[in-house]
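Worksheet for the structure shown next.
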Amino acid sequence: MDAASNAVFWQEKWERGETGFHEAHANPLLTRHFGALNLPVGARIFVPLCGMSQDMVWLAGRGYRVIGCELSEIAVERFFSDLGVTPDVVQVGTLRRFSASDICIFTGNIFDLTPDLLGPVEGIYDRAALIALPEDLRRAYVAHLLALTGPVPELLVTLTYDQSCLKGPPFSVDEDFVRAAYGKVYEIRCLQMRDVAGGLKGRCPASESVWQFSPVEVDN
Ligand SMILES: C[S@@+](CC[C@H](N)C(=O)[O-])C[C@H]1O[C@@H](n2cnc3c(N)ncnc32)[C@H](O)[C@@H]1O
């Protein structure tokens, strides 16, 4: 699947309301492990491919400034409407920036987001972003993410299962991929692995892993 087909795929998912990945409450792996990143209150946290995730509300509630990026305007409008706030909306290049309180979401394709638009961030939280993308786009996403933020502390949630059992998304992303994609710039630690109760979509056994990325110290 190329970038254009991926964008159409996700836009149609939101139009049809096929959002089974959305969770009503903050993800327990986030709430249990985000503290491991040791980021100070007020730090700017990037949440790529954020959907209308309640994880952003949880992060903002802990005093972080949240910057999301999401393709679907339906998702972003619903996110702010559920919060009961009216965001300021500004056109920035091909993207639109929705912001209210300590949450700002760029609406549009993440590949159109630039380091200047995003600004400096001190941390990344990726749940169901890396695993939302097919392998070729996933590699491009990792390169783009690193170009956007540089190596900053990250919490990543992945899913592993037998890819022949289901077509995806979500795609299976294993430890080898994570280490090959990020291992040059990060020390990588698996904080927790757990079985997905009832299997993925009730059809095949799957496990979820939470990874802590710490920037590799560079000696001068
Ligand atoms: C599986 S959902 C996960 C959403 C959110 N992280 C969560 O935990 O609920 C993946 C999201 O990525 C968005 N997406 C896919 N490709 C994108 C792209 N190229 N740029 C921005 N968002 C994208 C989709 O619209 C969808 O909302």
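Assorted remarks:
- ³J(HN,Hα), Karplus 6.51/-1.76/1.60, whole Hz, each residue of segment 198-215, x for Gly, Pro: x, x, 6, 6, x, 10, 8, x, 8, 10, 10, 10, 10, 10, 9, 9, 10, x
- Considering only beta bridges that DSSP places wholly inside segment 3-215, some 65 percent are antiparallel.
- P(r) weight above 21 Å for segment 3-215, C-alpha pairs, percent: 52
- Residue 2-residue 135 pseudo-label distance in nm [points 7 Å out on the Cα-to-Cβ vector]: 2.0
- Evaluated with a Cβ-only charge set (Lys, Arg +1; Asp, Glu -1), segment 3-215 carries a dipole of roughly 220 debye about its Cα centre, given to the nearest 20.
- Each 5 Å bin, from zero up to the one with the longest distance, holds this percent of the alpha carbon pairs of segment 96-173: 3, 13, 20, 25, 18, 11, 6, 3, 0.
- Under 19 Å from the Cα of residue 167 - aspartates and glutamates, other chains or at least 8 residues apart: 2, 12, 18, 135, 136, 208
- Among the cysteines of the chain, those whose beta-carbon sits 4.7 Å or more from every other cysteine beta-carbon are 50, 69, 104, 190.
- Per-peptide packing, taken as the mean over residues of other Cβ atoms within 10 Å, places 38-47, 194-203, 97-106 in the sequence 97-106, 38-47, 194-203 from highest down.
- Simple spin-label estimate for residue 86 and residue 73 in nanometres, 7 Å along Cα-Cβ: 1.7
Since every read-out is calculated from the coordinates, none of them should be taken as a lab result. No experiment lies behind these values; they were computed from the predicted model shown. In this analysis, Cβ positions are derived from the backbone assuming ideal geometry, glycine residues included, and neighbour counts consider all displayed protein chains.
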